[in-house]
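A short write-up of the structure that comes next.
The values are calculated or read from the model by the stated rules, or taken from the named source; none is laboratory data. This structure is a prediction, so every number in the text was calculated from the model and none was measured. With ideal geometry, Cβ positions are generated from the backbone for all residues, glycine too; neighbour counts draw on all protein chains shown.
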Amino acid sequence: MRTSLREYFYSRRTIWNIIDLASSMLIIAFGVIILGDFRAGSAVVILAGFTSFLLWIKLLYFMRLFKPTSSFIRMIIEMFKDIWTFLLIFFISIFAFANFYYILDKGNKTRILEDWNSSYTGAVIYTYMQALGELGNDEI
């Protein structure tokens, strides 16, 4: 029993095993909350969203079985493996520019981060939105 559990979590396909286990556990938890008529409020919506997302990811896993879609799914997986280096550099740059804007905002009379409550979190969000192309050209 221990070797099979260890093999399950330490195999080459660990991420798919974790997604499979997590989606099953979330479905059970969601069912218990709904059928038990617990008053969970917005937590039910968040739980349902995560459950739905993991089930769509599992669909991608099962699409690897079919010849027309297997090469595309493999290509998507390889792209996600290779993008981590870019994302690391990208988010370091986001935090560097957010720090720059935060310090600049504290030293200026005109506030750059006025819409973001002049906080560091607001600076990170502002910088990320600028990286996405939201440059604040509403007045043009």
Say whether the condition of being modelled with pLDDT under 80, in a loop (DSSP other than H, G, I, E, B) and of a type in the set (D, E, K, R) is met by at least one residue in region 1-10.
-> no
Only one of 110, 69 is modelled with pLDDT of 85 or more and not hydrophobic (A, V, I, L, M, F, W, C), namely 69
Residue hits (region 60-100; outside any helix (DSSP H, G or I) and either surrounded by fewer than 10 Cβ atoms within 10 Å (Cβ to Cβ) or among the hydroxyl-bearing types (Ser, Thr, Tyr) (or both)) are 65, 66
